[in-house]
């Protein structure tokens with residue numbers, strides 16, 4: 001439950017309150033506004049489902065796996081443009097947390 005909240009809050013902070021940084025990063029990656037909008041909508045939707053999963057556990061597994069997939073994509077984008085490791089850390093932490101949540105939701109914990 002705590003990891004789900006950390007993931008959701010992190011997504012909202014980055015995609016709502018630090019959106020100007022997202023615009024710069026997606027431009028650096030050479031990705032379109034449509035791609036950025038799709039990724040943002042997907043991440044916010046998945047974060048919402050992770051929070052709802054606190055009360056409805058059956059909602060957790062697929063959003064956690066999809067969030068992990070998006071974080072793998074973020075890692076790939078950072079590697080592609082040769083960002084320093086410090087730029088990789090936030091999405092790497094969220095990847096690990098998402099996998100932890102997915103694992104826990106299917107009886108791993």
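The values are calculated or read from the model by the stated rules, or taken from the named source; none is laboratory data. Keep in mind the model is a prediction, meaning the values are calculated, not measured. Glycine also receives a Cβ, built like all others from the backbone with ideal geometry; neighbour counts cover every protein chain displayed.
The condition (being at pLDDT 95 or above, loosely packed, with under 14 Cβ neighbours inside 10 Å and not in a helix (DSSP H, G or I)) is satisfied by just one residue among 76, 55: 55. For the criterion of being closer than 19 Å to residue 15 by Cβ and either modelled with pLDDT of 95 or more or more than 10 Å from the chain's Cα centre (by Cα) (or both), residue 92 passes.
With the condition kept exactly as written, say whether any residue in the stretch 15-33 is surrounded by 18 or more Cβ atoms within 10 Å (Cβ to Cβ), out of contact with any strand residue (DSSP E or B) (no Cβ under 9 Å at 6 or more places or on another chain) and outside any helix (DSSP H, G or I). No, that holds for no residue. Within the stretch 37-65, being farther than 13 Å from residue 8 by Cα and in contact with a helix residue (DSSP H, G or I) (Cβ under 6 Å, 6 or more places away or on another chain) holds for 59, 61, 65.
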